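Structure first, then comments.
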Amino acid sequence: MEELAEHGVYLPYNMQGLTDEQIEELKLKDEWAEKCVPSGGSVFKKDEIGRRNGHAPNEKMQQVIKKTIEEAKALISRKQVQANVCVNMEMVKDALDQLRGAVMIVYPMGLPPHDPIRMELEDKEDLSGTHAGLEVIEESEAQLWWAGKELNETKLLSDYIGKNEKTTIIVKIQKKGQGAPGREPLISHEEQKQMMLYYYRKQEELKKLEEDDDDSFLNAEWADNHALKRQFHGVKDIKWGPR
């Protein structure tokens, strides 16, 4: 959906990845470009990957799509767990309906039949042979895992975690026969980035200290080991010499 907002509709398969010169040389034409025009006109923004035609919606219509994407993601976000909201199929359908409505507003004439967004919204997308297809697990082939244990569908969840209703657990879905899924990392990717940044800065500071051979700071007031003692005895700022 983000790509639709940024670069317009999907090109026909025989035009994807080709340069403008190659398209002209092969005399190819996108028949859907004139039919699937965004509401309010388009703004050209070339798709560097070469999958979309570059005729993006105007800024106002882009915001319609992007705002709807954020709202749909919020409906099925992990934050719903923290808010004690149970995500069900009705909420998923509601999110899809919101996305479908946004597409109809921006593209009243619809999307090309080969556009994966249209196929997904119409539940016609064929993911066989794609990486995304590997992430789809049929209900009959799915198996739940928690804490390295396979959850048997004939047992209750309380048989594994007890009867405390306030318990929150993270369950993973795996295909049957694939064994236990990989364990969650002890720290998140963002935490790891922050730690690496911290140690990098620390290392740079140490390098600067090693390179700095100037010991003139030893004459500074804050470097005097006896300054605190003199302050307590009230003998600070005493000068010796003739009047």
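The values are calculated or read from the model by the stated rules, or taken from the named source; none is laboratory data. As the structure is a prediction and not an experimental result, all values here were calculated from the model. Cβ sites come from the backbone with ideal geometry, for glycine too, and all protein chains shown count toward neighbours. Note: areas computed on protein heavy atoms with side chains; ligands, DNA, RNA excluded. Shrake-Rupley method; radii C 1.70, N 1.55, O 1.52, S 1.80 Å.
Structural remarks
- Which numbered condition LEU99 fails, given (1) modelled with pLDDT under 85; (2) outside any loop (DSSP other than H, G, I, E, B); (3) surrounded by 10 or more Cβ atoms within 10 Å (Cβ to Cβ): (1)
- Residue match in segment 153-170 (condition: at pLDDT 80 or above, outside any helix (DSSP H, G or I) and open to solvent by less than 70 Å² (accessible area, probe 1.4 Å)): yes
- Scanning segment 66-95 for residues being open to solvent by 60 Å² or more (accessible area, probe 1.4 Å) and within 18 Å of MET119 (Cβ to Cβ) gives a total of 1.
- Residues satisfying the stated conditions in segment 102-126, i.e. touching a strand residue (DSSP E or B) at 6+ places or on another chain (Cβ under 9 Å), among the aliphatic types (A, V, I, L, M) and assigned to a helix (DSSP H, G or I): VAL106, ILE117
- Per the conditions (1) modelled with pLDDT under 85; (2) open to solvent by less than 70 Å² (accessible area, probe 1.4 Å); (3) in contact with an Asp or Glu (Cβ under 7 Å, 6 or more places away or on another chain), the sole criterion not satisfied by LYS176 is (2).
- Failed item, numbered, when MET196 is tested on (1) aliphatic (A, V, I, L, M); (2) modelled with pLDDT of 75 or more; (3) not in a helix (DSSP H, G or I): (3)
- Among the conditions (1) at pLDDT below 80; (2) surrounded by 10 or more Cβ atoms within 10 Å (Cβ to Cβ); (3) out of contact with any Phe, Trp or Tyr (no Cβ under 8 Å at 6 or more places or on another chain), LEU186 misses just one, which is (2).
- Scanning segment 136-152 for residues that are aliphatic (A, V, I, L, M) and either part of a loop (DSSP other than H, G, I, E, B) or within 25 Å of GLU120 (Cα to Cα) (or both) turns up VAL136, ILE137, ALA142, ALA147.
- Some residue of segment 159-176 being among the aliphatic types (A, V, I, L, M) and farther than 22 Å from GLN82 by Cβ: no
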